[in-house]
1. Given the options C:330, C:296, name the one that is surrounded by fewer than 22 Cβ atoms within 10 Å (Cβ to Cβ) and closer than 30 Å to residue C:142 by Cβ.
2. Of all residues in segment D:200-236, count the ones that are in contact with a helix residue (DSSP H, G or I) (Cβ under 7 Å, 6 or more places away or on another chain) and in a helix (DSSP H, G or I).
3. Working only within segment D:302-342, note down all residues that are within 16 Å of residue C:50 (Cβ to Cβ) and free of Cβ contacts under 8 Å to residues at least 40 places away in the same chain.
4. For segment A:185-199, indicate whether the set of residues that are in contact (Cβ under 8 Å) with a residue 12 or more places away in the chain, assigned to a strand (DSSP E or B) and closer than 22 Å to residue C:179 by Cα is non-empty.
5. Listed residues C:234, C:211, C:228; which is in contact (Cβ under 8 Å) with a residue 12 or more places away in the chain and closer than 23 Å to residue C:124 by Cα?
6. Somewhere in segment D:145-153, is a residue closer than 19 Å to residue D:68 by Cβ and in contact with a strand residue (DSSP E or B) (Cβ under 8 Å, 6 or more places away or on another chain)?
7. Do you know which residues across segment C:180-189 are touching a strand residue (DSSP E or B) at 6+ places or on another chain (Cβ under 8 Å) and surrounded by 15 or more Cβ atoms within 10 Å (Cβ to Cβ)?
8. Looking at this structure, is residue B:113 surrounded by 17 or more Cβ atoms within 10 Å (Cβ to Cβ), touching a strand residue (DSSP E or B) at 6+ places or on another chain (Cβ under 9 Å), closer than 24 Å to residue B:314 by Cβ and in contact (Cβ under 8 Å) with a residue 40 or more places away in the chain?
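The values are calculated or read from the model by the stated rules, or taken from the named source; none is laboratory data. Computed from a predicted structure; not experimentally measured. Every residue, glycine among them, receives a Cβ derived from its backbone with ideal geometry; neighbour counts consider all protein chains shown.
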């Protein structure tokens, strides 16, 4: 059994992590911390967990996280970097679901996240937790930076094309749409039902924190910088990301075969048949990324459609996948459920 | 392993049954029939099942249902009654998720459903599949009539009060609200997104088919007829039923204790703490019924709030629960997952 | 031209009031105040008003409300009572869209609203702004207490029955469902999209502030106290209230004729044909209340279905209707638009 | 007064047209035809119109459309072309809200719409009803082809850039998102609430009928063919289109000034301030198109955000705007209302 602690479990990433871990046969949950809600039973805040998680949130000082084998950080950005070193020093492995260890470029991180980084050396050590790219390094990692939701959907869609040198890397476009849970369980005006329902809008057009993360990931795969325009949108649904990706083809290539081969052994990337139109509900509550590749009108623009559940493959599910890899378990353990449809 | 067949799997009840059975360790799915869609891969119609159900819909004539141990009917009303006798004769057990065997009063059934019943003798034999009332009979049954969605939520809310003689049985009120999937995967104008979204309405006020079913169930518990006003409403969500039940108290009683004791051993009925307000999402995708009991302003009206997922405890989940009981499996097998929240 | 000021225009009631007044041919908007947002152009906060309201929110101290003929308060509860006397003393008429002047029973008000009332004498003078009951008094009023949203829908549904002595007044039940905008433009967790969407729940079962307001209104009509159980629910739509009302008939009465006669001359109460099922979208953005009356199964329970748009007939529209009455304008001025459907 | 007839008023375009015309001071509605629903009161099908439209649908044979000054066709594609000649011959002007007269290239039309065109000569005469491009021709037209919803949003966003020669015309990308009402009031599985809610998907990626219409419109403006990739998506809201447009800049240009100048005199195109993010609800129920222009990270990709209400500026509102132009009325007559927000 893996003894697991969760720091900061009161957000949507936290409750989703709890849902998944509660069904994991190899996990023993040790503690879930929250400063603000210490003492509150988890199942009082999230009645969906009644009967599944029978413990209260506990103050970090009393959580004895040093007894854990693995600690997940489901905290706001900037928290994990302050606590990770102590845990690692005690031999505890860490998966950070926030952004503290995602960007190798420290000045860039500091610019986009508006704070100083306190442990650049650990950033250098951290492994970016996208199993489809870094499976071997994840297996050996002490510290995994779990990818962002948009970066997961966008990278998985562009990677086969970039690896094959099939598109111009200088003019990539990622038009991405997210459900509102992607904004977190936060009291912001734009997240209110009466603001977000029956409405659609772009945001972060001038610059979104996931832009440098995506660029970094694509540059690693390509071996050089990419040019990317990334426009995220808010769509009136709870869960789901739909990334519509545009690239200019540089040569003739069998797009369908390219994608199928790249992901042939991936348990959670589903390359759909030619002509498919993946919808976000086909991954609701599941860890899958479904991808379809199109070449409209036979022109030189390739269009990739990539969908994930932002809280599962885009957050908590991918974190559990990484945990499974790190601890030598079958990668699909506790993640092998079909999506909830309708 | 239980060899299972499904007749008519192209509706929401069907896809939900497939989702649950795909995760059931003791079930081997033999066939899913559909006349209209024979030959179509199940996962083409429901991409959420890609990788979980790898067979096509098959024409009933080719389905070899006689090889099954159990057949589920997820068909429109009036189909199962035409096919059940043959299956029973071959020793195959049947769970009907439609209404063919729910009402013992054949003339009433024929009036409400607008057709003649072809096997009244089997109705007499059929067991009403509400485990919280009929567990022993279900265990022994050849033929189980799986309850309707509204009847499940309403009966579970009223039963403790009626059994205890705590309310006047002549003036019960059930004000129930259902998500749109309760109307089925049917091409009716009122089910269109642009008709049902951002909208709320009552329907079936003059009479709904679930009214006699609820009355029958409550009368059985009480030992005499009840007077019930039942008003269903359509609410703009996909899944979920919220029944708000009103009764007039006839005597002082500890309502909270009454409910807790009645359901103390029930794995899927959760009596929430005093003052709770169950929301439908707390059971989304799960087989639970969550109940809270209130006595507003200390008056003589008791208000029971009862929520279920209409496709799970209100249909496919309860059917799997009945199957588990019939075949001597732990009752929670394949049903022990937490709800999807948010 | 009526010179109009609005105190506190940053909530949903405020923006709706602005939308309606912008189209009113007899209104000249003088000022819209906000402490927190003084200086912000109204149309920056509400882009829907670009080209219609070209002024900024202004600090109350600079608003020169004394130049107005009428001031609307679209403020949180407890604000208007502190400012109304000064305005009235200067001969300015006031419509309060909050609750400060709704309850004649001051101790009850203080209990339900959790504060001391600072001007009970003005409460005594205030006219409850339900035109269908108090049109003459509204016409002459200096100070109008605009009704709450639930109270409008519930009272209009019960009034014909109570006036006719057709139902038992001791056991009324009002099961009401509201869209999320009814909770206001407030940063509360339950109002988040990811909490309220695809979800349904009751709230305020033990007691809601609109309960005493409804009881007061019905008692006035009846001439004695009524017994009422009021259960409000939150439904995942932006606008709309659907009240489902239950009463026990005391005598035979032509229900349809009763309602039609009661509201024959009312421009904004639409008694629908027998058997109708009003949906909330049929009044979306409009000042109508649509009502249908049913007697299920011919029993002794009458069921009234009453729908309004909570922001229009339930708030800003009724306020404009009251203004029209107070200033001798045709009552439908600026309110004569059809609902937005779909 | 303009005597107006509507052919085919039972869809969403029809009910929206009725809503707008009911408030038009210069319009007298003569007849609304429907074969299937002849005899049904309009307000029975659309209760939102109770009190506003007091006539039944009438069979086309009895409609006396020859008494009209103007006939709107709100019919499926292929109907108007069969009836228009007769009306024009009698001196009646026509606005077709369907696609019969939108494409000048008859073979292209026949390919995309799957039928033979019966009056190519009238196509040649028809004026494409985008006032921002063709106002003078519309004024004089006998026959106006009202633009499609996507084409309106996309063209208005690209036109200033193409007219100014500011972007490469060979590689335009239009990523567009539509509410479900764009699919019409049609019984198709994908339009069901339980299919479309809480879900997001692309469709028509391989080719959508609005693609040639957009290309034609942009080519006219540019004077030569454009290269366009157009990907429409379905988003879970009722009304609204959000077009996200991408172009590659060919030279330095003050984008904000370019757009502001182009639309300075347009009553219904609102160029929002720099940095704005228009949301679809800001035009809900209104005839406005709101546009913002961005240049992310100062790169060479321009991003235009263009929003309309697909049923208003994208259909019925633009039709009324065209009517106003054709009959010499102020262009904003009956269209000068603010959007419904929230």
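1. Checking each option against the conditions leaves just C:330.
2. 8
3. The answer is D:336, and nothing else.
4. no
5. One residue alone meets the criteria, C:211.
6. yes
7. C:180, C:182, C:183, C:185
8. no
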